[in-house]
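Only one structure is covered here, and it is reproduced in the block below.
The values are calculated or read from the model by the stated rules, or taken from the named source; none is laboratory data. Please read these numbers as outputs of a predicted model, since none were measured by experiment. Here the Cβ is made from the backbone with ideal geometry for all residues, glycine too, and neighbour counts use every protein chain on show. Surface areas here come from the heavy atoms of the whole protein model, side chains and all, with no ligands, DNA or RNA. Shrake-Rupley method; radii C 1.70, N 1.55, O 1.52, S 1.80 Å.
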Amino acid sequence: MAASNAEMVSGLRAQGFATPRVAEAMLKVDRLLFMPERFRQYAYADYPVPIGFGQTISAPGVVAIMSSELDVQPGMSVLEVGTGSGYQAAILAELAGSRGKVFSIERIPEARGLAKDNLAKSGHAGIRLFVGDGSMGLPGEAPFDRIIVTAASPAVPPALVAQLKDGGKLVIPVGSAYSQELVLVEKRGGDVSERRLLPVVFVPLIGEHGFVGEKA
Ligand code: SAM
């Protein structure tokens, strides 16, 4: 297990999980700040870790891969669905830079509160946090250059594709509530393409275009 954030990031680079820009962003965000007190020893391990409310902070390897595929450029407008601990949102904010805008929507109000505290500690208080059903996107702030969904969906939610700009990219785990494939959706000149990237396991996206609560 890596002993520091820098060692964790260098491992992710060596495995080819992170582009140089994503590695640089991950170096600036100490994962320890997003860890629950009782799991601090796993801060730099490549595992998902429980954060309470039945939810998790994703494994850093998955964060690196999703962020690299998303290819966020400075100045972009980015939506994250599933704020959780706030860790992924902080990486997105580093990638979008001071001219960019990051919005993150979370279904559980208490998790939004946790993320707000964590993001204040990590120096990312400028991220706009919302509570609601992110499977419907965030119509009031759309369109977005990039959208990342950090919970598993049975299909690509049409509302999210509709809220992508032309030239935009969306990364989302699609499959059952227990196992999924990471899918990269790209919108170009009115065409929407989908590419399957790799198998993943995420907690379910619960909402109108996700799983219904009782079945998830
Ligand atoms: N990105 C997070 C991080 O960096 O810690 C990890 C996200 S966790 C794997 C998935 C999150 O998605 C959970 O916090 C869960 O409550 C949230 N979620 C599930 N369904 C949702 C929905 N319809 N809208 C918004 N958030 C949702």
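Worth pointing out:
- Note that the chain presents 44 Å² accessible area per residue, ligands and nucleic acids not counted, probe 1.4 Å.
- Calculated mean residue ellipticity, 222 nm, the chain: -8000 deg cm²/dmol, from DSSP H runs (n ≥ 4) at -39500 (n - 2.57) each, averaged per residue and rounded to 500.
- At R0 = 35 Å, FRET efficiency that the Cβ-Cβ distance of Phe130 and Met1 yields, to 0.05: 0.55
- Per-selection Kirkwood Rh - the stretch 83-134 (Cα, Å, 1 d.p.): 10.7 Å
- Highest-first arrangement of 55-66, 195-206, where packing means the average Cβ count within 10 Å: 55-66, 195-206
- FRET efficiency for Leu32 and Asp71, using Cβ-Cβ distance with R0 set to 30 Å, rounded to 0.05: 0.65
- Of all DSSP beta bridges in the chain, antiparallel share, percent nearest 5: 50 percent
- In summary, no helical segment of the chain meets the span-like criteria, namely a full DSSP H run, a Cα extent along the axis of 24 angstrom or more and a mean Kyte-Doolittle hydropathy of at least 0.5.
- Magnitude of the charge dipole for the stretch 75-216, about its Cα centre and with charges confined to Cβ atoms of Lys, Arg (+1) and Asp, Glu (-1), is about 300 debye.
- For the stretch 70-118, size of Cβ-based charge dipole, Lys and Arg +1, Asp and Glu -1, in debye: 160 debye
- Within the assembled protein chains, the solvent-accessible surface assigned to Leu164 is about 10 Å², based on a 1.4 Å probe.
- The percentage of C-alpha pairs in the stretch 32-114 whose separation is greater than 21 Å is 29%.
- Full-extension gain in nm, Ala120 to Glu141, via 0.36 nm per residue minus C-alpha separation: 5.3 nm
- Options Met76, Leu160, His209, ranked by Cα towards positive dipole end of the chain, top entry (Cβ charges): Met76
- Ratio of Rg to Rh over the stretch 102-163 (Cα coordinates, Kirkwood Rh, two decimals): 0.98
- Distance between the stretch 1-65 and the stretch 116-150 - C-alpha centres, whole angstrom: 20 Å
- Out-of-range pairs (alpha-carbon distance over 24 Å; input Lys116/Lys169; Lys101/Lys169; Lys116/Lys187; Lys101/Lys165; Lys116/Lys165; Lys101/Lys187): Lys116/Lys169; Lys116/Lys187; Lys116/Lys165
- Note on the stretch 5-200: Cα-only Rg and Dmax are 15.3, 49 Å.
- Amide H within-cut-off set for Val200, under 5 Å, with H built and near neighbours excluded: Gln180, Glu181, Leu182
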